[in-house]
Amino acid sequence: MGGGVVLPDTPDTAQRSLEHWSEAGRAEMQAFYTLATEDYRVLATARDWAADLRSRATDGRLRVLDVACGSGKFPAALLAAGLPAAALDLTVAIDLLDPSAFSIAEARAVLAPPFVAAAELEIPLQDLDVQARYDVIWATHALYALPPAELTGGVARMVTALRPGGFGAVAQASAASHYLAFYDAYRATYAPDVAPYTDAEAVADALTAAGADVAVTRLHYRTGSADRAVIGGFLQRCAFDDTVPLAQMESAGPLAEYLAGCRAADGSYTFEHEAHLMTWENA
Ligand SMILES: C[S@@+](CC[C@H](N)C(=O)[O-])C[C@H]1O[C@@H](n2cnc3c(N)ncnc32)[C@H](O)[C@@H]1O
C-alpha cells in the first residue's frame, strides 16, 4: 500500500462529510468525540461567551445562528462551562444550520436554557439567506468540508447575515494543526484526488475579504490516548474513511510518517492542535 494508492471509491470531501454525518455514522462520531470533545471544552473556556451574548441582546433576548451545528458540541460545552448560571436571564433563540438533518436533530437535543431551539435550516452555508439579521453567528470547527472554491462566498454570507453591531465567531484549526496535517497525509497516501480541508488561515482570508475586521486568538492544546480502539475510531472519523484500519494507516506512505511523529515509544498517541478563534463585530 505504498505511495499514493487510490482506493476505488473515493468520494470528494464534501460528499464524505454528508455521508458520515448520518445515523449510519453515529458509532464513528461517538468514537471521534472521545477525544474531540476537548476542542469544544477549550473553546468554551477561551472567552466570556456570556458577556458576548448579553451585550448583543435586546430586552434580554437575542437571535443566534449556529453554522454547521453538527451534534451540538459547542452549545453543550457552553452549558457545561456554566452558561446557565451566567446567562439564565437571557433567552438565546438559536437557529441550527446544517445540510445534515441528522446533525440538526442531534444538536437540537442538547439545547437547554438559556438556549431555545428556533429555526432548523437544513441547507449548506452557501445557501444562507443574506437578508437574515442575527445578533450573533458562530461556526465552531465547522467549515473543514466546505468546497475550497465556495469558501469565500459562504463566509461572506455569514458576515452579511449578521446585523450591524452583531458578533461573529469562527473557530477552526490552523494548517499546522492535527486535523489539517493528518488529512493532508491521508490524502497523499490514500485519496490524492479529494479536496483538502479548509484551514483557519483560509477562513481568515475569506472573512477579511468579506469586510470583517477579525481578531485572532490562538488556542494550543493536545489530545491523545493509549487505547488503540479509541485512536483508530478517532482517526477514521478525521478522514471520513472507515475502510482503512489503524494498523494500515501506520504501515506506509506519508500517513505512516505523520502518525509515527504522534506516537510515543509505549504506543500511545498525542495530537497537537492549534485552533484559531476568529471574532469580529459587524460595522
Ligand atoms: C464537526 S461538525 C461541526 C461541529 C459543531 N460546530 C458542534 O458544535 O458540534 C461539522 C458539520 O458541518 C456540516 N457541514 C458540512 N458541509 C457543510 C456546509 N457546506 N455548510 C454547512 N455545514 C456543513 C456537517 O454536516 C457537520 O454536521
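The values are calculated or read from the model by the stated rules, or taken from the named source; none is laboratory data. Note that the coordinates shown come from a computational prediction; the quantities given were computed from them, not determined experimentally. Cβ sites come from the backbone with ideal geometry, for glycine too, and all protein chains shown count toward neighbours. The accessibility values were calculated without ligands, DNA or RNA, using every heavy atom of the protein model including side chains. Shrake-Rupley method; radii C 1.70, N 1.55, O 1.52, S 1.80 Å.
Can you tell me which of ASP52, ASP66, ASP39 is within 10 Å of the ligand (Cβ to nearest atom), in contact (Cβ under 8 Å) with a residue 12 or more places away in the chain, surrounded by 14 or more Cβ atoms within 10 Å (Cβ to Cβ) and over 28 Å from GLY232 (Cβ atoms)? Outline the logic, then answer.
Values: ASP52 fails: within 10 Å of the ligand (Cβ to nearest atom); ASP39 fails: over 28 Å from GLY232 (Cβ atoms).
The conditions single out ASP66.
Within the range 51-75, can you find the residues that are under 14 Å from SER103 (Cα atoms) and not basic (Lys, Arg)?
Going residue by residue through the range 51-75, those that are under 14 Å from SER103 (Cα atoms) are 66-75.
Passing the criteria: ASP66, VAL67, ALA68, CYS69, GLY70, SER71, GLY72, PHE74, PRO75.
Here VAL110 meets each of (1) of a type in the set (A, V, I, L, M); (2) within 19 Å of VAL214 (Cβ to Cβ); (3) within 12 Å of the ligand (Cβ to nearest atom); (4) surrounded by fewer than 21 Cβ atoms within 10 Å (Cβ to Cβ) with one exception, condition (2). Within the range 78-94, the set of residues being within 14 Å of the ligand (Cβ to nearest atom) and surrounded by 20 or more Cβ atoms within 10 Å (Cβ to Cβ) comprises LEU78, LEU83, ILE94.
Considering only residues of the range 119-146 that are away from the ligand (no atom under 11 Å from the Cβ) and buried (at least 16 other Cβ atoms within 10 Å of the Cβ), which is nearest to HIS273 (Cα to Cα)?
Filtering the range 119-146 down to residues away from the ligand (no atom under 11 Å from the Cβ) leaves 119-120, 129-137.
Next cut, buried (at least 16 other Cβ atoms within 10 Å of the Cβ) only: 120, 132, 134-137.
Details: GLU120: 31, ALA132: 34, TYR134: 30, ASP135: 30, VAL136: 26, ILE137: 24 Å.
Looking at residues that are away from the ligand (no atom under 11 Å from the Cβ) and buried (at least 16 other Cβ atoms within 10 Å of the Cβ), I get ILE137.
In the range 147-172, what count of residues is obtained for those that are within 13 Å of the ligand (Cβ to nearest atom) and of a type in the set (D, E, K, R)? Number satisfying all stated conditions: 2.
The selection criterion, being among the aliphatic types (A, V, I, L, M), open to solvent by 10 Å² or more (accessible area, probe 1.4 Å) and farther than 23 Å from THR223 by Cα, does not hold for ALA46.
Given the options ALA275, ALA264, name the one that is at pLDDT 95 or above and exposed (fewer than 14 other Cβ atoms within 10 Å of the Cβ).
ALA264
Can you tell which of ARG222, ARG187 is without any contact (Cβ under 8 Å) to a residue 40 or more places away in the chain and open to solvent by 30 Å² or more (accessible area, probe 1.4 Å)?
Working: ARG222 fails: without any contact (Cβ under 8 Å) to a residue 40 or more places away in the chain.
One residue alone meets the criteria, ARG187.
With the condition kept exactly as written, say whether any residue in the range 1-13 is within 13 Å of the ligand (Cβ to nearest atom) and surrounded by fewer than 14 Cβ atoms within 10 Å (Cβ to Cβ). Yes, the range 1-13 contains at least one residue that is within 13 Å of the ligand (Cβ to nearest atom) and surrounded by fewer than 14 Cβ atoms within 10 Å (Cβ to Cβ).
Please go through the range 54-65 and give me each residue that is part of a strand (DSSP E or B), farther than 18 Å from LEU125 by Cβ and of a type outside the set (S, T, N, Q), ordered by number.
First, the residues of the range 54-65 that are part of a strand (DSSP E or B): 58, 61-65.
Still in the running and farther than 18 Å from LEU125 by Cβ: 58, 61-62.
Within the range 54-65, ARG61, LEU62 qualify.
Scanning the range 163-216 for residues that are part of a strand (DSSP E or B) and of a type in the set (S, T, N, Q) turns up just one, GLN172.
Listed by position, the helices (runs of 4 or more DSSP H) inside the range 66-122 whose residues that are under 17 Å from the mean Cα position of the chain (by Cα) and not acidic (Asp, Glu) number at least 2 are 73-80, 101-110.
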